[in-house]
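All remarks here apply to the structure that follows.
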Amino acid sequence: MSNWPASKARRVLAALERIGWRVQRQRGPHRLLARPGWPDYEFAFHDRDEIGPRMLARIAKGTGLSPKDL
């Protein structure tokens, strides 16, 4: 069982911003996020999209997000 709860993309993006990620540029739902010391990360979800546990785990690998950040 995964530790990740399903979440709306808006909530995940807010959590990423709280841990230091900033939107560098945006075109439609595609946002390029930047954080010092990390490679840029493309977050490509509409705000109302539901992101499941498996996708959240993949996002966490590239961004350092943890379940307690949500």
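Throughout, read-outs are computed from the coordinates displayed, never taken from laboratory work. Quick caveat, the model's predicted, so the values are computed rather than measured. Note: ideal-geometry Cβ built from the backbone for every residue, glycine included; neighbour counts use all protein chains shown.
What the table below lists for this structure:
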| quantity | calculated |
| --- | --- |
| Residue-averaged [θ]222 nm for the chain, counting only DSSP H segments that reach four residues, each worth -39500 (n - 2.57) | -9000 deg cm²/dmol |
| Candidate values (1) -0.30, -1.39; (2) -0.53, -1.29; (3) -0.22, -1.40, label of the one derived for log10 I(q)/I(0) by the Debye sum over Cα atoms at q = 0.11, 0.27 Å⁻¹ | (3) |
| Average Cα contact separation per residue, the chain, under 8 Å, 6 or more apart, as relative contact order % | 41 percent |
| Given charges at beta-carbon only (K, R positive; D, E negative), |dipole| of the chain in Debye | 60 debye |
